[in-house]
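> Handing you a structure now.
The values are calculated or read from the model by the stated rules, or taken from the named source; none is laboratory data. In this text, all values refer to a predicted model and were calculated from it rather than measured experimentally. Backbone-built Cβ (ideal geometry, glycine too); neighbour counts: all protein chains shown.
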Amino acid sequence: MSDLPIILVAAVALFDRDGRVLIARRPEGKSMAGLWEFPGGKVEAGETPEQALIRELQEELAVDTVESCLAPFTFASHAYDDFHLLMPLYVCRKWEGKVTPVEGQTLKWVMPTQLKEYPMPPADKPLIAMLRDCL
């Protein structure tokens, strides 16, 4: 049995009309800086993962979506040195607003087959094959 705290983080694969998925580069000064990840963030007390994603998309990317547009897809479970990450991944194809890097992060739209070319945190790596092979 592990003594590591479990951290719940929700992430989303935003797909544009061309079938590309959005990834964001973690900024300098944050843990795992320079690695690419799917947008999202920590689920706060009293929030559902869907509510957390709606909030994070507004805060980080200046776009609005609704719970019915967030389709549960898969999840990641990964033990880091000081916590265990549990991360449900949703797929979203419908939102309002123009995707804008509000927090100065670098954003890229890439085809799912290209995701393996971008260095990602260990928890995100298994999601690459799922997105490439299942959508």
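> Which numbered condition trips up Ala33, out of (1) in a strand (DSSP E or B); (2) small (Gly, Ala, Ser); (3) without any contact (Cβ under 8 Å) to a residue 24 or more places away in the chain?
Status for Ala33: all satisfied but (1).
> Okay, next question. Would you tally the residues in the range 62-78 being surrounded by 15 or more Cβ atoms within 10 Å (Cβ to Cβ), out of contact with any Lys or Arg (no Cβ under 9 Å at 6 or more places or on another chain) and not in a strand (DSSP E or B)?
Result for the range 62-78: 1.
> Separate question: Please state which one of Val102, Val63 is at negative phi, modelled with pLDDT under 95, touching a helix residue (DSSP H, G or I) at 6+ places or on another chain (Cβ under 9 Å) and of a type in the set (A, V, I, L, M). Steps first, answer last, please.
Details: Val63 fails: modelled with pLDDT under 95.
One residue alone meets the criteria, Val102.
> May I ask you to list the residues in the range 79-110 that are surrounded by fewer than 12 Cβ atoms within 10 Å (Cβ to Cβ), more than 23 Å from Ser68 (Cα to Cα) and within 16 Å of the chain's Cα centre (by Cα)?
Selection gives Glu103 alone.
> Another question, if that's okay. Among the candidates Phe38, Phe15, single out the residue that is in contact (Cβ under 8 Å) with a residue 60 or more places away in the chain, buried (at least 17 other Cβ atoms within 10 Å of the Cβ) and in contact with a Cys (Cβ under 9 Å, 6 or more places away or on another chain). If you could, list the steps in order and put the result at the bottom.
Working: Phe38 fails: in contact with a Cys (Cβ under 9 Å, 6 or more places away or on another chain).
Within the list Phe38, Phe15, the selection yields Phe15.
> If you take the residues in the range 115-126 that are surrounded by fewer than 15 Cβ atoms within 10 Å (Cβ to Cβ) and either closer than 12 Å to Ile23 by Cβ or basic (Lys, Arg) (or both), which one is farthest from the chain's Cα centre (by Cα)?
Going through the qualifying residues, I end up with Glu117.
> When you scan the range 87-129, how many residues do you find that are closer than 18 Å to Gly34 by Cβ and in a loop (DSSP other than H, G, I, E, B)?
11
> Here is a list of conditions, (1) closer than 25 Å to Arg132 by Cβ; (2) touching a residue at least 24 places away in the same chain (Cβ under 8 Å); (3) part of a loop (DSSP other than H, G, I, E, B), and Pro27 meets all of them except one; can you say which number that is?
Going through (1) closer than 25 Å to Arg132 by Cβ; (2) touching a residue at least 24 places away in the same chain (Cβ under 8 Å); (3) part of a loop (DSSP other than H, G, I, E, B) one by one, Pro27 breaks only (1).
> Go through the residues of the range 49-60 one by one and say whether even a single one is assigned to a strand (DSSP E or B), among the hydrophobic types (A, V, I, L, M, F, W, C) and out of contact with any Asp or Glu (no Cβ under 7 Å at 6 or more places or on another chain).
Looking through the range 49-60, none of the residues is assigned to a strand (DSSP E or B), among the hydrophobic types (A, V, I, L, M, F, W, C) and out of contact with any Asp or Glu (no Cβ under 7 Å at 6 or more places or on another chain).
> Now for a different question. State which residue is surrounded by the fewest Cβ atoms within 10 Å (Cβ to Cβ) when the search covers only the range 18-34 and only residues that are modelled with pLDDT of 95 or more and of a type in the set (A, V, I, L, M, F, W, C).
The selected residue is Leu22.
> So in the range 41-50, with the set limited to residues that are surrounded by 15 or more Cβ atoms within 10 Å (Cβ to Cβ) and more than 11 Å from the chain's Cα centre (by Cα), which one is farthest from Val99 (Cα to Cα)?
Only one residue tops the list, namely Glu47.
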